[in-house]
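Inspection log for the structure reproduced underneath, given as structure tokens.
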Amino acid sequence: MYKIMIVEDDSVIANQMSKFLYTWDYHVEIATDLRNVMNDFSNIRPDLVFMDITLPYKNGYYWCEEIRKVSKVPIIFISSASDNMNIVMAMNAGADDYIAKPFDLQVLVAKLQALLRRTYDFANQMNFLEYEGVRLNIGNNVVIYEDKSVELTKNEGKILKILLERKGEIVERDTLMEYLWQTDCYVDDNTLSVNVNRLRKTLEEIGICDFIKTKKGIGYII
């Protein structure tokens with residue numbers, strides 16, 4: 001289920017959007033800390049953001065630029081200002097689309113769906129695996145979490161890849177060793193333990209703790 005974040009000063013509009021999007025099976029969170037939108041953004045970790053321009057402390061352009069410093073999440077501006085200047089400013093700040101108020105909720109959903117499809121279908125083609133905000137780029141073995149990233153070694157990347165592909169399941173040690181052996185030199189039981197411990201320490205460098213659990217005598221699970 002995609003998570004949608006609404007940054008809107010008008011609670012009536014925000015609640016209308018939230019209720020309608022809920023009927024389309026989206027998980028919707030309305031930003032509550034408009035003094036520091038990044039707090040809510042970090043906590044919610046949305047797949048898409050609806051951003052109003054006029055906010056009580058700093059405007060939507062500012063928060064869009066702040067989000068762009070740490071994330072490529074799609075952002076749709078919603079505003080009563082429909083002139084070209086505001087549209088251009090929104091796009092320059094990093095927005096992906098712009099909807100003028102008043103808007104039809106069906107049109108809102110259509111734009112939302114199109115943008116999610118373009119963004120995440122493309123991401124899948126780029127070989128990303130993601131779980132609970134932890135994203136692995138299989139192409140370059142880079143892990144991204146919140147506003148930090150780290151590059152894994154070849155074996156670390158392979159271990160994390162198979163664990164993410166089978167998240168929620170115990171991956172047996174023999175399975176991991178066979179997977180590494182098929183694509184690299186032979187890996188014994190002790191070498192596997194060393195590689196998993198190194199992977200954990202690497203993930204901890206960017207704040208990912210207790211992500212990989214050990215099932216004693218069996219294997220590992222995310």
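The values are calculated or read from the model by the stated rules, or taken from the named source; none is laboratory data. Predicted model, so just to flag it, every value in this text is computed and none were measured. Neighbour counts run over all protein chains shown; Cβ positions are idealised from the backbone, glycine included.
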For the structure I just gave you, tell me whether Tyr61 is within 15 Å of Ala95 (Cα to Cα) and modelled with pLDDT of 90 or more. yes
For the range 196-207, pairs from a residue that is on the phi < 0 side of the Ramachandran plot to a residue that is surrounded by 12 or more Cβ atoms within 10 Å (Cβ to Cβ) and part of a helix (DSSP H, G or I), with Cβ under 6 Å and 6 or more apart or across chains, are Leu199/Glu156; Leu199/Ile159
Residues of the range 74-102 being touching a strand residue (DSSP E or B) at 6+ places or on another chain (Cβ under 6 Å) and closer than 23 Å to Ser149 by Cβ, in sequence order, are Pro74, Ile75, Asp96
Practice item. Output yes when any residue across the range 14-29 is surrounded by 13 or more Cβ atoms within 10 Å (Cβ to Cβ), modelled with pLDDT under 90, among the small types (Gly, Ala, Ser) and within 22 Å of the chain's Cα centre (by Cα), and no when none is. Key: no
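Every residue, every condition in (1) surrounded by fewer than 16 Cβ atoms within 10 Å (Cβ to Cβ); (2) within 30 Å of Leu163 (Cβ to Cβ), yes or no:
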{"residue": "Val37", "(1), (2)": "no, no"}
{"residue": "Leu55", "(1), (2)": "no, no"}
{"residue": "Met89", "(1), (2)": "no, no"}
{"residue": "Ala95", "(1), (2)": "no, no"}
{"residue": "Leu105", "(1), (2)": "yes, no"}
{"residue": "Tyr120", "(1), (2)": "no, yes"}
{"residue": "Val134", "(1), (2)": "no, yes"}
